[in-house]
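Heads up: the structure comes next, in structure tokens.
Quick note: the coordinates plus some simple rules give every number you see, no bench work behind them. Note that the structure is predicted; figures quoted are calculated from it, not measured. Note that each Cβ is placed from the backbone with ideal geometry, even for glycine, and that neighbours are counted across all protein chains shown.
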Amino acid sequence: MKVQSASGLLMNGSIDPGLVPQRILCSGSKMPAIGLGTFGSDHVSPVEVADAVESAAAVGYRHFDCASVYGNEHEIGYALQRVLTGGIKREQLWITSKLWNDKHSENDVILSCKQSLSDLRLNYLDLYLVHWPFPNFHPPGCDVTSRSKDARPYIHAEFMKTWRKMEELVDQGLVRHIGTSNMTIPKLRLVLRDARIKPAVNEMELHPHFQQPELFEFVRSNGLVPVGYSPIGSPGRPERDRTPEDTTPTQDPVIVKIANRLKVHPAVVCIKWAVQRGQVPIPFSTKRDHYLGNLEGVVSEPLTDDEMHSISTIDRNCRLIKGQVFLWKEGQSWEELWDVNGEITPP
Ligand SMILES: NC(=O)c1ccc[n+]([C@@H]2O[C@H](COP(=O)([O-])OP(=O)(O)OC[C@H]3O[C@@H](n4cnc5c(N)ncnc54)[C@H](OP(=O)(O)O)[C@@H]3O)[C@@H](O)[C@H]2O)c1
């Protein structure tokens with residue numbers, strides 16, 4: 001018999017994955033409404049992240065957000081193997097990986113996915129994303145001024161060549177769903193128009209200080225699930241992603257007041273808000289108390305309507321992951337990556 005507290009915690013200190021809400025994708029498949037992020041942000045080692053994946057599965061996580069560029073899929077693969085041999089079935093897991101920017105060319109997409117599969121020790125992925133819509137490479141751990149010498153803007157015809165290969169991955173059964181990441185409305189409009197297999201999700205930055213209401217609605221109204229990265233405001237993000245104007249959602253008085261009422265860390269309020277709003281947050285943590293607390297947050301007492309409303313009023317339009325390293329021309333500002341005028345920024 002499962003004995004469970006009001007917060008959803010079982011006697012063995014884990015959460016019953018059956019209590020975690022699921023999002024239904026356009027295919028009819030279900031995706032757990034919270035996942036564990038795995039980007040060690042240039043300072044958490046691959047082994048530490050892999051250990052967190054294994055322990056997070058033990059406390060009830062079933063969804064893991066991976067990427068080849070995080071440099072830890074090989075270690076995570078061993079962790080996943082231990083999870084699977086420990087009794088959790090492959091079909092109970094949701095594993096995402098992502099195609100890195102230097103692998104957009106037609107010859108690279110399938111090979112790159114196969115490499116992730118081999119590193120992760122899996123024979124299919126639940127979701128494979130094009131990590132960024134630009135084929136612009138930057139070396140791991142670089143600073144904000146770093147640019148690849150062949151950096152270029154979004155060119156739709158080129159993106160669609162990459163996307164055709166993504167579709168082929170679905171045809172070959174290597175991947176169950178494909179999706180986009182770091183897209184804007186004008187870019188997504190073109191992809192939705194031209195895709196044979198449409199993106200199942202768009203992964204995008206989403207937290208109380210960056211709610212992206214227009215893109216969020218666009219994504220949902222077109223049948224895609226919004227997956228929200230940096231849901232806590234990415235306090236451990238690399239130096240290249242910090243500017244003096246950045247704000248901190250976990251220090252917002254509205255979030256802190258709710259956290260005090262619930263006696264939880266403000267991070268947990270960000271996660272509860274995200275799930276209740278309808279996005280799929282993928283918080284990163286390597287600390288058991290933290291990732292367990294985040295999971296507990298989504299199965300315990302929900303935020304009130306008033307609290308949900310008050311969080312909706314604290315959006316600061318504060319993008320934290322600006323992507324400067326993907327700019328393609330001298331003297332450009334990072335806003336040009338994000339089509340802020342509603343049109344794709346011309347080359
Ligand atoms: N598609 C993309 O382009 C993209 C871009 C960025 C990120 N992502 C994905 O999104 C994931 C999450 O984003 P992120 O890593 O930038 O930031 P995040 O999840 O907003 O923040 C992670 C930080 O929050 C802390 N934290 C987590 N839970 C906490 C809790 N309950 N109490 C206190 N502190 C807590 C963690 O520290 P501790 O380890 O100390 O708990 C960690 O430093 C990434 O790992 C990656 O998988 C995708």
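Determine the dipole magnitude for the range 163-240: charges of +1 sit on the beta-carbon of Lys and Arg, -1 on that of Asp and Glu, nothing else is charged, the reference point is the Cα centre, and the result goes in debye to the nearest 20.
Its charge dipole is roughly 160 debye.
Of the beta bridges DSSP finds with both residues in the chain, what % are antiparallel, to the nearest 5? Mind dumping the intermediate values first?
Values: 6 of 29 bridges.
Roughly 20 percent of the DSSP beta bridges within the chain come out antiparallel.
Suppose we flag GluC sites (Glu not before Pro) only when DSSP calls them loop and at most 16 other Cβ atoms lie within 10 Å. Which is the longest uninterrupted stretch of the chain?
Answer - 107-244.
What number does the range 168-260 give for Rg over Rh if you use C-alpha atoms and the Kirkwood radius?
Rounded to two decimals, Rg/Rh equals 1.07.
Hey, what's the Cα Rg ratio for the chain versus the globular rule of thumb, 2.2 N^0.38 Å?
It is 0.95.
Where the only charges are on Cβ atoms (+1 Lys, Arg; -1 Asp, Glu), what is the dipole of the chain about its Cα centre, to the nearest 20 debye?
Value, rounded to 20: 660 debye.
So what is log10(I(q)/I(0)) for the range 105-259 at q = 0.14 1/Å, when the Debye sum runs over its Cα atoms only?
Result of the Debye calculation: -0.85.
By counting other Cβ atoms within 10 Å of each Cβ, how are T85, T243 ranked from fewest to most?
T85, T243
What whole number of Å gives the distance from the Cα centroid of the range 224-259 to the Cα centroid of the range 282-347?
If we compute the Cα centre of each part, the gap is 7 Å.
Using Cβ contacts closer than 10 Å as the measure, can you line up K161, K322 from fewest to most?
Working: K161 14, K322 20.
Least to most surrounded, the residues fall as K161, K322.
Work out the P(r) tail for the range 197-347: percent of alpha carbon pairs separated by more than 26 Å, whole number. Don't jump to the answer; show the numbers that get you there.
Details: 3208 of 11325 pairs.
That tail contains 28 percent of the Cα-Cα pairs.
Among G228, L190, A259, pick out the residue whose Cα is farthest towards the positive end of the charge dipole of the range 167-271, where Lys and Arg carry +1 and Asp and Glu carry -1 on C-beta, about the Cα centre.
Farthest along the dipole direction, towards plus: A259.
Please order R220, R23 by the number of other Cβ within 10 Å, starting at the fewest.
By the 10 Å Cβ count, ascending: R220, R23.
Choose one of V53, N101, S29: the residue whose Cα lies farthest towards the positive end of the charge dipole of the chain (beta-carbon charges +1 Lys, Arg; -1 Asp, Glu; about the Cα centre).
Checking the options against the dipole of the chain, the answer is S29.
At 0.890 mPa s and 25 °C, plugging the Kirkwood radius over alpha-carbon pairs of the range 103-180 into Stokes-Einstein gives what diffusion coefficient in µm²/s?
In µm²/s, the coefficient is 182.
In Å and from the alpha-carbon atoms only, list the Rg and Dmax of the range 1-145.
16.5, 57
Suppose every Lys and Arg Cβ carries +1 and every Asp and Glu Cβ carries -1, with no other charges. What dipole size does the range 23-77 come out with about its Cα centre, to the nearest 20 debye?
440
Working only with C-alpha atoms, what are the Rg and Dmax values of the range 272-327, expressed in angstrom?
Radius of gyration, then largest Cα-Cα span, for the range 272-327: 14.4, 43 Å.
Can you give the calculated 222 nm mean residue ellipticity of the chain, where each DSSP H run of n ≥ 4 adds -39,500 (n - 2.57) and the sum is split over every residue, rounded to the nearest 500 deg cm²/dmol? Provide the component values of the computation, followed by the final result.
Working: 10 runs with 116 residues, N = 347.
Theoretical 222 nm ellipticity from helices: -10500 deg cm²/dmol.
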